[in-house]
Each structure stands twice: as C-alpha cells, then as structure tokens.
Amino acid sequence: MVATISFWICLLVSSPASGFTGISLRSPFRRAAVSSSAISMVADDAKVCLVTGASRGLGRSIALELGKSGCKVVVNYAASEGPALQVVEEIKKAGGDAIAIKANCGDPSEINAMFDKAVEAFGTVDVLVNNAGITKDGLVARMKPEQWQSVIDINLSGVFYCSQSFFKVASKKRTGRIINISSVVGQFGNPGQANYAAAKGGVLGLTMSNAKEFATRGITVNAICPGFIESDMTGELSPEYLAKMAEVIPLKRLGKPEEVSGMCRFLALDPAADYITGHFFNVDGGIAMGC
C-alpha cells in the first residue's frame, strides 16, 4: 500500500499536467513595458498588490481575488500582453483597479523597472505576491545546465530580487506583506524535478530568512505551498486518471484555485495576519501531511 501511494505521489508531482502551483510554461522576455486602461474608482487608501506571473493560472486567480477585495493590483506578465489585459479588465469590473506590467522575473533590472512603474502608477506597493515560475523537468543525469539555471533564475532568484525591490519601498513606510508561492514539491521533492524542488525548497528558506530580517521594518513574509490544484492542464486529463490521483489525497479531491487565492488574500490583507511571519501554509488536501 505504501509503495502504491508513493508511486501515485511521484506521478502526481512529476506530471507536466500536475497542476502544482508556480508552474508556468511562458518564456521570459527581456523588455519591460506597462499597459493599462481607464482607471476605475477605488478607495484612495486601497492596498496596492503586485502579483508576479499573474496573467494566467494561479497568479490570475490571486490577482482577481485581491482585485475583488478592492485592491489596486499590478498584474505582472512575461509574455503575451492580451491575457494580462483581460485580468486587468476583470479586476476593474469586480470593483478594483489594475495595470499590467511586462517584466522578466529572472532579470533584476526588469524587476527594478517594474517596481518603479508600479510606484509611478499607484504611489506605492503594499503587498508582494511572488508567484511567477517555470518548469523544465528532466532527470538529474540528463539535465542540461540551462534547464537547471533557468528554473533557479525565475523560481528562486526572482523571488529574492522582487523581495529586495519591495523592501526598498515598504521599509520606508515600516509596513508591508510578502507572500511567496512555493509548492509541496519543495517539501518532499520529486523525481525528474530536482531543479524545481530545489528552487521551491529554497523559497521556503528564503521566506524564513527574510521574515527575520524584515521584521524590524514591520514587513511580514510568509509562504503558501499548494498541492494538486485544478487548472487548465488538469482539465485535459480523463476523469479516470483524475480519480486515481485523488485517491492519494486525504481529502479525496483536487484543490480549487480560489482555495489557494483565499489563503493568499488572508495573508495579504486580513488584520489577523499582522502577527504571522516566517511560516508556511499548505493548501494541499493533506498530501504533504507530516513533511
């Protein structure tokens, strides 16, 4: 039974269609640009939230959740502008405000430019959600240097550089919140994803280190570790396959994007999260229980 469960866990986390968060098949581009449409009416003191990798997938869900809460949202994207602008319009229809900014989250100069544009548009940044990520899976024996380095650059170094840029803005106000989107793969590893697991595990270590450093400036830093979440990719799988996957999850079902984005909203906006920092929150149906 243990062997069977281990097999399905490996299958869950190694499948390109696994739905584990942080996965993005977008190619990074090198030029930064900003796009926006007519400004909607929101409160002057509404929180400004920057979400990386927010044009699709879990990042999109998080951006929409924060927008529905009345926030001003910076929708970061790395490739196509169209999906990002769609998220911007949905946020405005929901009562928030938003702009889209193009930036490669593996490039420190583009990250700095993105924060400059965000501050120029909204005056500040109150919340940073580090969600952008890519996968380039392969066995360690066959993994090419580019496969390793590109995943580390976006999924780990990008979190570091975005946090560094955010700190420069938030430390002056002595308040701010950072939410890092990691993964259960960063907790228990996975064959064929050494680069991804190392990056997501590194994000957890970075979360704790930054929480300790940034606390003196009133900035909290926490991480969310999603498990097997419904996505466009899982929608292409057969019901039979999904049923087998669900069997190894204690709650016997896949997670919903809004369950992850709801946790993100709590950590980003709720006053009850003021005294929470340096912690990881699994939204995984129990699959990583005990890790």
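Each reported figure results from applying straightforward, stated rules to the coordinates on display, with no laboratory input. For clarity, every value in this text was computed on a predicted model and none was experimentally measured. Every residue, glycine among them, receives a Cβ derived from its backbone with ideal geometry; neighbour counts consider all protein chains shown.
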- How large is ³J(HN,Hα), in whole Hz, for each residue of region 220-228 in order, when computed from phi with the Karplus curve 6.51 cos²θ - 1.76 cosθ + 1.60 and θ = phi - 60°, using x for Gly and Pro? 9, 9, 9, 10, 10, 10, x, x, 8
- Karplus ³J(HN,Hα) for region 82-98 (6.51 cos²θ - 1.76 cosθ + 1.60, θ = phi - 60°; Hz, whole; x = Gly/Pro) runs x, x, 5, 5, 5, 5, 4, 5, 5, 5, 5, 5, 7, x, x, 9, 6
- Entries in Lys68/Lys256; Lys47/Lys92; Lys92/Lys168; Lys117/Lys168 that, when Cα-Cα distance is taken, lie over 19 Å: Lys92/Lys168
- Query: Which aspartates and glutamates, on any chain, are close to Lys172 with Cα under 20 Å apart, when same-chain ones fewer than 8 places away are left out?
  - Reply: Asp44, Asp45, Asp116, Glu120, Asp126, Glu213, Asp274
- At what distance in angstrom do the alpha carbon centres of region 241-258 and region 162-179 lie from each other? 36 Å
- Query: Is the shape of region 231-270 rounded, prolate or oblate, going by the alpha carbon gyration tensor and its root eigenvalues a ≥ b ≥ c, with a/c under 1.5 for rounded and a/b larger than b/c for prolate?
  - Reply: oblate
- Message: Give me a comma-separated list of calculated 3J(HN,Hα) values for region 177-183, in order, Karplus coefficients 6.51, -1.76, 1.60 applied at θ = phi - 60°, integers in Hz, x for any Gly or Pro.
- Response: 9, 10, 10, 9, 8, 9, 5
- Message: Per 0.36 nm of contour for each residue apart, how much would the distance between Thr175 and Glu258 grow if the chain were fully extended, relative to their Cα-Cα spacing?
- Response: 27.3 nm
- Note on the structure: Looking only at aspartates and glutamates whose Cα falls under 17 Å of Lys136's and that sit 8 or more positions away or on another chain, we get Glu146, Asp153
- Task: State the Cα centre-to-centre distance between region 102-143 and region 204-231 in whole Å.
- Result: 16 Å
- In region 131-201, the trypsin sites (Lys or Arg not before Pro) that fall in loop regions by DSSP, at most 11 other Cβ within 10 Å: Arg174
